[in-house]
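Let me begin by presenting the structure, written as structure tokens, before commenting on it.
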Amino acid sequence: EKHPPYLTMALGAGSVTPMQMAAGYSVFANGGYRVNPFLITKVTDQMGKVLSEFTPTPPDESARAIDARNAFVMTSLLQEVTRSGTAARAQATLKRNDIYGKTGTTNDSMDAWFAGYHPTLTAVTWIGYDTPRKLGDRETGGGLSLPVWISYMQHALEGVAIAEPAPPAGLSHEGGDWAYAEFSKGGGVSSLGLDSKAGNSEALPANDEKKKILDLFKN
């Protein structure tokens, strides 16, 4: 009910809590498995005796939400965000490349987000007002929420070894991009809405044009 069927849903319209966002991003960190969040891991008495303890079970295929290839490709894209995109400060400050995430700023700077993860840990930072109002015309997820996330990860990942996920089977790496093997080497969609019988076709953009397009998303 928080996601009405509007076209802007594709751009992120709708409401979501930080916990829901963390659960979503954890699917990428977990290689495609969705793990239900739990808040209490252990209950003890005043002497430290364990009264109740929750031990999560490793996920199996029944918990798979997306294909492992999907998770890896998304992780690759989100790594670029923390390397040279709106969250480039993350890798530069933490001095590690095994972190992935995305900044987010809603219309009129009402909310500032950073959602990111390491293969062993997902964390989400949200800054806003309980009764929504503007944070300020110049405030963004990269300016407000990202520094909080970095500060947390500096402690949480201290002593944690670098761990980049290995590409699963069925992926092809071409021209610096990952693609499903069945869609590589010209096997993907080459035209859309064109009448092939009429001989209509459009050449793929040149490399320099492709670079210009990609650069737009880095600024």
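The values are calculated or read from the model by the stated rules, or taken from the named source; none is laboratory data. This one's a predicted model, so the numbers in the text were calculated from it and none came from an experiment. Here the Cβ positions follow ideal geometry from the backbone for every residue, glycine too, while neighbour counts run over all protein chains shown. All accessible areas refer to the heavy atoms of the entire protein, side chains included, with ligands and DNA or RNA removed. Shrake-Rupley method; radii C 1.70, N 1.55, O 1.52, S 1.80 Å.
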Working carefully through the options T82, T131, T120, find the one that is open to solvent by less than 40 Å² (accessible area, probe 1.4 Å) and closer than 23 Å to V148 by Cα. T82
Residue among D108, D130 that alone is acidic (D, E), at pLDDT below 95, assigned to a loop (DSSP other than H, G, I, E, B) and out of contact with any strand residue (DSSP E or B) (no Cβ under 9 Å at 6 or more places or on another chain): D130
Any chance the range 49-71 includes a residue that's at positive phi and modelled with pLDDT under 95? no
Selection count where residues are surrounded by 10 or more Cβ atoms within 10 Å (Cβ to Cβ) and part of a loop (DSSP other than H, G, I, E, B), scope the range 41-54: 2
Residues of the range 138-164 classified as part of a loop (DSSP other than H, G, I, E, B), out of contact with any Ser or Thr (no Cβ under 6 Å at 6 or more places or on another chain) and open to solvent by 30 Å² or more (accessible area, probe 1.4 Å), total: 8
Could you please let me know if F38 is touching a residue at least 12 places away in the same chain (Cβ under 8 Å) and part of a loop (DSSP other than H, G, I, E, B)? yes
Mind checking which residues of the range 9-24 are at negative phi, of a type outside the set (A, V, I, L, M, F, W, C) and open to solvent by 40 Å² or more (accessible area, probe 1.4 Å)? S15, T17, P18, Q20
